[in-house]
Amino acid sequence: MTLGLALGGVLALIAVLFVARPFLREPAPVSDVLDEPGELERRRLELVEERDRALAALKELEFDHRTGKVNDEDYGSLVGPLRRRAAGALQALEPRAEARHERIRSKH
């Protein structure tokens, strides 16, 4: 009985080590140097940041308007430019979608 338990424990340990082996090895990186983003990637990151800033500002403006910190007149004058900023960034991020809309418009 004791021999069976010991053999079972050894087999369980071997099975655990076999399964865990890929996780215990340290991966060998090809290179530790980060690639510098290209011009297109940099532009895309700028647009993503612009979109995020504009959407955050819109969210804050909506909240301030709902809580009464911003009156209707100020809200009306601020919301338009923020929406245009957000829409411009979104359109610039999806040039294929804009081209698709242009084709649809030209068909009608």
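The values are calculated or read from the model by the stated rules, or taken from the named source; none is laboratory data. Source: prediction; values computed, not measured. We place every Cβ from the backbone using ideal geometry, glycine too, and count neighbours over all the protein chains shown. Remember, those area values only see protein heavy atoms, side chains included, never the ligands or the DNA or RNA. Shrake-Rupley method; radii C 1.70, N 1.55, O 1.52, S 1.80 Å.
For the range 13-64, name all the residues that are touching a Leu at 6+ places or on another chain (Cβ under 9 Å) and either of a type in the set (Ser, Thr, Tyr) or over 25 Å from LEU93 (Cβ atoms) (or both).
Correct list: LEU17, LEU24.
Need pairs with beta-carbon distance below 6 Å; first residue free of Cβ contacts under 8 Å to residues at least 60 places away in the same chain and within the range 47-74, second open to solvent by less than 60 Å² (accessible area, probe 1.4 Å) and part of a loop (DSSP other than H, G, I, E, B); sequence gap 6+ or separate chains.
Between residues of the range 47-74 that are free of Cβ contacts under 8 Å to residues at least 60 places away in the same chain and residues that are open to solvent by less than 60 Å² (accessible area, probe 1.4 Å) and part of a loop (DSSP other than H, G, I, E, B), the close pairs are ASP64/VAL70.
Just need a number here: residues in the range 24-75 that are open to solvent by less than 100 Å² (accessible area, probe 1.4 Å), modelled with pLDDT under 85 and either of a type in the set (A, V, I, L, M) or in contact with an Asp or Glu (Cβ under 7 Å, 6 or more places away or on another chain) (or both).
Looking only at that region, the number is 1.
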